[in-house]
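Each remark here refers to the structure printed beneath this line.
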Amino acid sequence: RFGLTDAQDRVARMRLSDICKPEHKLVDIGCNDGFITMLVAPMVASATGVEPFVELPDDKPENVKWFRSTFNDFVDQNTKQYDVLLSLAVSIQLRDFGGLTEQEIVNGYHSLLAPGGIVVHETQKLENRPNNQAHTNAMIAAFKTKFVQIDHGQARPSGKREY
């Protein structure tokens, strides 16, 4: 984690307060330590963090639930639909460790969303990283098969991460 200021800056840059509504159900795929999930929890009715590796805190808001699960298992076992899906610098891990193609990742995201649902996708570091750039281009192509892009910007100034 880069700290509270960095997390708050990311939330502001991606305009999550404009996207997240009090009636929304949100899922944060690969939520790491759950810090961003807990930052946006007051904006939504419920927030679900999915994380296979990092120990998540017991001290959390009442509307937050944790699932210690891989993305693949969560998609297979999930029965809920969400209004907002956060994919913050995690999709390349879903590809590399989950064995999924970029299209399979996007299909999984789509299956988790209610009609009209929104994906907030943050890229990996792009500057001087050809592998990450190729992955991002493949993700964009896959997103175009299921979604319409509504916004784009810089998620973090370091490493040229975009949303």
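The sum of -39500 (n - 2.57) across all DSSP H runs of n ≥ 4, divided by the residue count of the chain, sets its helix-only mean residue ellipticity at 222 nm to -9500 deg cm²/dmol.
Send over a whole-number figure in Å² for the accessible area per residue of the chain, probe 1.4 Å. Spell out each step's value before the answer.
Values: 8560 Å² over 163 residues.
Per residue, the chain has an accessible area of 53 Å².
Counted residue by residue at 0.36 nm each, then reduced by the alpha carbon distance between them, the extension gain from K144 to D73 reaches 23.1 nm. At an R0 of 25 angstrom, the distance between the Cβ atoms of E62 and D33 translates into a FRET efficiency of 0.85.
If you take the square roots of the eigenvalues of the alpha-carbon gyration tensor of the stretch 61-138 and sort them as a ≥ b ≥ c, do you get rounded (a/c under 1.5), prolate (a/b over b/c) or oblate? Taking the square roots of the gyration eigenvalues as a ≥ b ≥ c, the stretch 61-138 is prolate.
Relative contact order (percent) for the chain, with alpha-carbon contacts under 8 angstrom and 6 or more residues of separation? Write down the numbers at each step before the final one.
Numbers: 273 pairs, mean separation 33.2, N = 163.
Computed over the chain, the figure is 20 percent.
Quick check for you: which residues of the stretch 69-87 have the amide N under 18 Å from the point 7 Å beyond the Cα of E104 toward its beta carbon? In the stretch 69-87, the label zone of E104 (backbone N under 18 Å from the point 7 Å along Cα→Cβ) covers 69-78. Just list whichever of K21/K80; K25/K60; K80/K125 have alpha carbons separated by over 20 Å in the model shown. Violating the 20 Å Cα-Cα cut-off are K80/K125. The apolar share of the surface of the stretch 83-163, taken as the fraction of accessible area on carbon and sulfur atoms (1.4 Å probe, ligands and nucleic acids excluded), comes to 52 percent. In a fully extended conformation the segment linking D18 and E127 would gain 36.5 nm over its present Cα-Cα distance, using 0.36 nm per residue. Each label point is 7 Å from the Cα along the Cα-to-Cβ direction; what then is the distance between the points at N137 and E162, in nm? It is 1.2 nm.
If you take the charge dipole of the stretch 51-163 about its Cα centre, with +1 on Lys and Arg Cβ and -1 on Asp and Glu Cβ, which of L113, S87, F147 is farthest toward its positive end? Farthest towards the positive end: F147.
For the chain, a crude dipole built from +1 on the beta carbon of Lys and Arg and -1 on the beta carbon of Asp and Glu, taken about the Cα centre, is about 400 debye to the nearest 20.
Between Q93 and E55, the modelled label-to-label distance comes to 1.7 nm, taking each label 7 Å out from Cα in the direction of the beta carbon.
Given in Å, the Rg to one decimal and the Dmax to the nearest whole number for the Cα atoms of the chain are 14.6, 41. Given axes a ≥ b ≥ c from the Cα gyration tensor, I'd like to know whether the stretch 100-163 is rounded (a/c under 1.5), prolate (a/b larger than b/c) or oblate. Here the stretch 100-163 falls in the oblate category.
The values are calculated or read from the model by the stated rules, or taken from the named source; none is laboratory data. Please read these numbers as outputs of a predicted model, since none were measured by experiment. In this analysis, Cβ positions are derived from the backbone assuming ideal geometry, glycine residues included, and neighbour counts consider all displayed protein chains. The protein model used for the area step is the full one, side chains on, heavy atoms only, and it has no ligands, DNA or RNA in it. Shrake-Rupley method; radii C 1.70, N 1.55, O 1.52, S 1.80 Å.
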